[in-house]
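What follows is a set of notes on a single structure, which appears directly below.
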Amino acid sequence: MVTGDVKLIGSWASVFVMRARIALNLKSISYEFLQETYGTKSELLLKSNPVHKKIPVLIHDDKPVCESNIIVQYIDEAWSSYGLSILPSQPYDRAIARFWAAYVDDKWFIALRSILTARGEEEKKAAIAEVEERTDHLEKAFIECSNGKPFFNGDHIGYLDIALGSFLGWWKVVELDANHILLDETKTPSLFQWAERFCNDPDVKPLMPETTKLAEFARKLFPKPQA
Amino acid sequence: MADEVILLDYWPSMFGMGTTKIALAEKGVAYEYKETDPRAKTSSLIETNPIHKKIPVLIHKGKQICEPLIQLEYIDEVWSDTYPILPSDPYQKAQARFWGAFIDKKFYDPSWKVWGTTGEEQVTAKKELLEHFKTLETELGDKTYYGGDVFGFVDIALMGYYSWFKAIEKFGEFSIEAEFPKLTQWTKRCLERESVVMSIADSDKIVEYAYVLRRKLRAE
């Protein structure tokens, strides 16, 4: 089967890039990974994503696709006969998966990031409380979506697993930074176990960044204000 | 059956009063409309959209679907035998989703700030909104609709804001027609569609509503 020429512009540390890479792995698509240098934006990136100038950008036969969740859906649809489906088959289940994936980006991630950017203990405490509340929503979402199966998508990894699971590296880094458990085995047991399964999936494992390396990168990206 | 589909929405809303209603009309789907003021936070709204407590909420066979663009995709997938909203080609679909997301993420905040705030905040919002309009003007180019020849996803997403354009122009003190001629022609083409005309709120009523809301915001 001919997959065409596939390139992905991204970075090893980016959650959003990882989503695209997991999707490509699930479909067994070979691609050229074009690693962006931190602090600069390549000409190809600026040309391929002139509106947002952000990674990831998937370039398939010279045609760019931008925005991680859109890229994942594109991969599922362009290579629909390859491997298993990434999105659920029923319209309602697809709507639910899309809803929670949007929630992860618009609500949950924003709260997680605000732990890293918090100034002072008060702000940090508030941010942690918000993450805990929103993680609790995701626990309920998992129970609803998985229907007793190992992943949000059922028997195998899918769209929502990828949307949330790609954050697991950073989730750990933020835990260390905050010195506070943010994925608690007792508070959100289903998510906790799902996280382990997700990280051990063969299409995910090689892509998950190593915690120490990511924590070092995080310190560059989110420098602490000088005392 | 009309009772199979229910739409909870609010007539002045920037979404749904355009977006979801237009999509349902394009597909010829009969539904029951329930006027729901999101600020009242009625029990029915909290029950149907417990996470965001926001309108619009689409209820189909007892199951709720939230967020306008997600509703659009759902409507397109369920009523797939008539009038496609999204193109079938995966690349064209990705482009449509990209622009839909652009409108969804970038428009709301500066839009309400242009009519809802004053001073520095309003000036910044206006500058941002004009940039977004410019991006959309460029993207439209000489096409009939955003998808090309066919009225679809991106057109529906943007027309969802149309009834607020007059209020934005008035309080922002600029003219969309003067600055964005292609966009203006596009709105005229969209307004020729029955699905659009029967779905959007009256622009003058929205201006009145914006006045009331501005006074309230000032008072708070």
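The values are calculated or read from the model by the stated rules, or taken from the named source; none is laboratory data. Everything quoted here is computed from the prediction, not taken from an experiment. Here the Cβ is made from the backbone with ideal geometry for all residues, glycine too, and neighbour counts use every protein chain on show. The protein model used for the area step is the full one, side chains on, heavy atoms only, and it has no ligands, DNA or RNA in it. Shrake-Rupley method; radii C 1.70, N 1.55, O 1.52, S 1.80 Å.
Suppose every Lys and Arg Cβ carries +1 and every Asp and Glu Cβ carries -1, with no other charges. What dipole size does chain B come out with about its Cα centre, to the nearest 20 debye?
620
Across the range A:89-219, how large is the tail of the calculated P(r) beyond 19 Å, expressed as a percent of all Cα pairs?
Of the Cα pairs, 49 percent sit more than 19 Å apart.
Just in the range A:1-89: which chymotrypsin sites (Phe, Trp or Tyr not before Pro) are loop by DSSP and have at most 12 other Cβ atoms within 10 Å?
Those that pass, being in a loop and sparsely packed, are A:Tyr38.
Over the whole of A:50-57, what's the average partner chain Cβ count within 10 Å per residue? Rounded to a whole number, please.
2
Anything losing 50 Å² or more of accessible area from the isolated chain to the full protein assembly: pick those residues out of the range A:77-108, probe 1.4 Å, ligands and DNA/RNA ignored.
A:Glu77, A:Pro91, A:Tyr92, A:Arg98, A:Phe99
Determine the shielding of peptide A:61-72 by partner chains: average, over its residues, the number of Cβ atoms on other chains within 10 angstrom of each Cβ.
Whole-number average of other-chain Cβ neighbours for A:61-72 is 3.
Among DSSP beta bridges whose residues both lie in the protein assembly as shown, state the antiparallel percentage, nearest 5.
DSSP beta bridges in the protein assembly as shown are roughly 70 percent antiparallel.
Considering every residue in B:77-89, what mean count of other chain Cβ atoms within 10 Å of its Cβ is obtained?
Averaged over the peptide's residues, the number is 1.
Skipping prolines and chain starts, which residues have an amide H placed within reach, meaning under 5 Å, of the one on A:Tyr31, given they are 5 or more residues away or on another chain?
Correct list: empty.
With a 1.4 Å probe and all protein chains left in place, how much accessible area per residue does chain B have, in Å²?
Computed with neighbouring chains in place, this is 46 Å² per residue.
Divide by every residue of chain B the summed helix terms, -39500 (n - 2.57) for each DSSP H run of at least 4, and state the resulting mean residue ellipticity at 222 nm, rounded to the nearest 500 deg cm²/dmol.
Using -39500 (n - 2.57) per qualifying helix, the result is -17000 deg cm²/dmol.
Probe radius 1.4 Å, ligands and nucleic acids ignored: give me the carbon and sulfur share of the accessible area of chain B as a rounded percent.
Taking all protein chains in place, chain B shows 51 percent carbon and sulfur surface.
How large a share of the accessible area of the range A:4-77, in percent, is made up of carbon and sulfur atoms when the probe is 1.4 Å and the other protein chains stay in place?
The value for the range A:4-77 is 51 percent carbon and sulfur by accessible area.
Ranked highest first by the average count of other Cβ atoms within 10 Å around their residues, in what order do A:93-101, A:131-139, A:185-193 fall?
Listed from highest to lowest mean packing, they are A:93-101, A:131-139, A:185-193.
Which whole-number percent of Cα pairs in the protein assembly as shown have a distance greater than 32 Å?
For the protein assembly as shown, the share of Cα pairs beyond 32 Å comes to 42 percent.
Determine the alpha carbon to alpha carbon distance for each of A:Lys53/B:Lys106; A:Lys187/A:Lys220; A:Lys53/B:Lys21; A:Lys41/B:Lys105; A:Lys41/B:Lys134; B:Lys27/B:Lys188 and list only those over 25 Å.
Over 25 Å Cα-Cα: A:Lys187/A:Lys220; A:Lys53/B:Lys21.
What does the highest-first list of A:212-222, B:56-66 look like by mean Cβ count within 10 Å?
Result, highest mean first: B:56-66, A:212-222.
Taking the Cα centre of the protein assembly as shown as the origin, how large is its charge dipole in debye, to the nearest 20, when only Lys and Arg (+1) and Asp and Glu (-1) carry charge on their Cβ atoms?
I would put it at about 880 debye.
B plus A alone minus the pair: what accessible area, both sides summed, probe 1.4 Å, in Å² to 100?
Chain pair B/A: roughly 2100 Å² of buried accessible area.
How much accessible area per residue does chain A have, in Å², with a 1.4 Å probe?
Accessible area per residue: 48 Å².
Using all C-alpha to C-alpha distances in the range B:5-78, build P(r) with 5 Å bins and read off the rounded percent in each one.
Bins of 5 Å from zero give 3, 18, 33, 28, 13, 4, 0 percent of pairs.
Once the piece of chain linking B:Asp202 and B:Glu131 is laid out straight, how much longer is it, given 0.36 nm per residue of separation minus the C-alpha distance between them?
Answer, rounded to one decimal: 23.0 nm.
Using θ = phi - 60° and the Karplus curve 6.51 cos²θ - 1.76 cosθ + 1.60, what whole-Hz ³J(HN,Hα) does each residue of the range B:23-35 get, with Gly and Pro shown as x?
My calculation for the range B:23-35 gives 4, 4, 5, 4, 7, x, 8, 7, 8, 9, 9, 10, 5 Hz in order.
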